[in-house]
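Asker: Provided herewith is a single structure, encoded as structure tokens, for subsequent inquiry.
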Amino acid sequence: MADPHAYLAGLQPLAMRFGLERMQRALDALGRPERAYPVLHVGGTNGKGSTCAMAAAALAAAGHEVGLYTSPHLVRFNERIQVRGAAIGDDELAAVVEEIRRACPWHDGGGEGDRLTYFEFATLAGLLHFARAGVGAAVVEVGLGGRFDATNAIVPRVTAIAAIGLDHTQLLGDTVERIAVEKAGIFKPGVPAVVHGRQPPAALEALHAEAVRRGAPFVVAARDYPGAIALPGPHQRGNAGLADAALRQLSRAGVALSDEAIARGIATARWPGRLEEVAGVLLDGAHNPDGAAALAAALRAMYPGRPVELVFGVLADKDHARMLAALVRAARALHVVTPASTRARPADEVAATARGLGAPADVHDSVADAIACARRAALPGGVVCVAGSLYLVGEARDLLVPG
């Protein structure tokens, strides 16, 4: 296959069709590659990617060949599928894409209801690549929700749920209880279900009830991890607590992991686009109200008294008003841009909301222009930060990272 990226793009990346039937059929046709290695399955609203990064680093520190599957990507699709910390190469990606197509002729030749979605195909590519690479363990992040997510076709050794908040409410429900029930759809009978220690009370109650109903042993992680943490921001103490508790359950489930390896992984993990400084610009993937509140708290903790120039853009399905309400108190001014997505909210609309909250806000045609303006406006000792959408952070990172 000459270009696997063109083929994947043709699968309509924004299309969603609920149900696990296509995934189960495809995994059967591929010989169940996901059963070749133990899996830690991580869901939730905020912090699941950071939790995955810490868990993968700990497994690597324990000497395992580790597969890591996350979404979305920031710059290139390949980032979603990593083995030993390296993204899948284009040749390897082409090979697994071809293998899936050969094993599932009904995908290319069938009707719309038979065709795998973009995310289903991506998930299969990751699970198959891990098997072909001979990984000793894999960390798999839920894409959206849990119950009907493509990753829920696997049976993991341990499941983990990061902090629950209001996001994708049009699909998952408009209360934390309803969202928690959807997220808990990944719980399996007899499989430990570990949950973040700082859940909203109603979400924690719903998660516990679902664990009992599904027969999953229920574990609440420590609210704050006491050891060294590489990932910046006060909120990472809770994510590290979740990673630590999930990894300890994974160890009890037969995956070799020492206390030292867990601590080393949490103390060395890296996760691009999450309070990451690149070329003097802080990038953070905060893209919902809770994420925005965590970013605002992190800015105050990490840069006390320093003025912040915030480059901001958001998708149309996000509660941008609540996000801005959290962020305008932490920023001197906003430099607003429309992310490169068909789902983006127009920058003019976002800027008007920011001004209504009392924040200075200007509008730009590109992220490059917005960052340049923010840099010019930054007072001595000021901070330039890009946030609001992973799409926007990906654009900025592509612009700022050499090569």
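Asker: Within the set of pairs 6 or more residues apart or between chains, which connect a residue that is not in a loop (DSSP other than H, G, I, E, B) inside the range 220-233 to a residue that is not basic (Lys, Arg) with Cβ atoms less than 7 Å apart?
Answerer: VAL220/VAL195; VAL220/GLY197
Asker: Tell me whether the range 297-308 contains one or more residues that are within 20 Å of VAL140 (Cα to Cα), more than 22 Å from the chain's Cα centre (by Cα) and of a type in the set (Gly, Ala, Ser).
Answerer: no
Asker: Take the residues of the range 139-190 that are among the small types (Gly, Ala, Ser) and assigned to a strand (DSSP E or B): which is surrounded by the most Cβ atoms within 10 Å (Cβ to Cβ)?
Answerer: ALA160
Asker: Look through the range 383-393, keep the residues that are in contact with a Gly (Cβ under 7 Å, 6 or more places away or on another chain) and of a type in the set (Gly, Ala, Ser), and return whichever of them is surrounded by the most Cβ atoms within 10 Å (Cβ to Cβ).
Answerer: Ranking the qualifying residues of the range 383-393, first place goes to GLY388.
Asker: Hey, which of the strands (runs of 3 or more DSSP E) in the range 260-372, taking only ones fully inside, have at least 2 residues that are in contact with a helix residue (DSSP H, G or I) (Cβ under 7 Å, 6 or more places away or on another chain) and free of Cβ contacts under 8 Å to residues at least 60 places away in the same chain?
Answerer: Of the strands (runs of 3 or more DSSP E) lying wholly inside the range 260-372, those with at least 2 residues that are in contact with a helix residue (DSSP H, G or I) (Cβ under 7 Å, 6 or more places away or on another chain) and free of Cβ contacts under 8 Å to residues at least 60 places away in the same chain span 333-337, 361-364.
A quick yes/no check of all residues on (1) more than 25 Å from VAL393 (Cα to Cα); (2) in contact (Cβ under 8 Å) with a residue 12 or more places away in the chain:
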site: ARG25; (1), (2): yes, yes
site: ALA36; (1), (2): yes, yes
site: THR70; (1), (2): no, yes
site: ALA86; (1), (2): no, no
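Asker: Does GLU112 qualify as being surrounded by fewer than 24 Cβ atoms within 10 Å (Cβ to Cβ) and farther than 19 Å from ALA2 by Cβ?
Answerer: Yes: the conditions hold for GLU112.
Asker: Still on this model: Could you go through the range 12-22 and let me know if any residue there is crowded, with 23+ Cβ neighbours inside 10 Å and farther than 27 Å from ILE229 by Cα.
Answerer: Yes: one or more hits.
Asker: Does ALA26 satisfy the criteria of being at negative phi, in contact with a His (Cβ under 9 Å, 6 or more places away or on another chain) and surrounded by 15 or more Cβ atoms within 10 Å (Cβ to Cβ)?
Answerer: Taking the combined requirement at face value, the residue satisfies it.
Asker: On to the next question. Within the range 300-314, is there a residue that is crowded, with 20+ Cβ neighbours inside 10 Å, of a type in the set (Asp, Glu) and either modelled with pLDDT of 95 or more or out of contact with any Pro (no Cβ under 9 Å at 6 or more places or on another chain) (or both)?
Answerer: Scanning the range 300-314, I find at least one residue that is crowded, with 20+ Cβ neighbours inside 10 Å, of a type in the set (Asp, Glu) and either modelled with pLDDT of 95 or more or out of contact with any Pro (no Cβ under 9 Å at 6 or more places or on another chain) (or both), so the answer is yes.
Asker: Do we find a residue being surrounded by 24 or more Cβ atoms within 10 Å (Cβ to Cβ), closer than 23 Å to ALA256 by Cα and among the aliphatic types (A, V, I, L, M) anywhere in the range 64-74?
Answerer: yes
Asker: Among the candidates GLY185, GLY241, GLY233, which residue alone is modelled with pLDDT under 95, small (Gly, Ala, Ser) and not assigned by TED's automatic domain parsing to the domain that holds TYR303?
Answerer: After applying the criteria, what remains is GLY233.
The values are calculated or read from the model by the stated rules, or taken from the named source; none is laboratory data. Just so you know, these numbers come straight off a predicted model, no measurement behind them. No Cβ is skipped: glycine too gets one built from the backbone with ideal geometry, and neighbour counts run over all protein chains shown.
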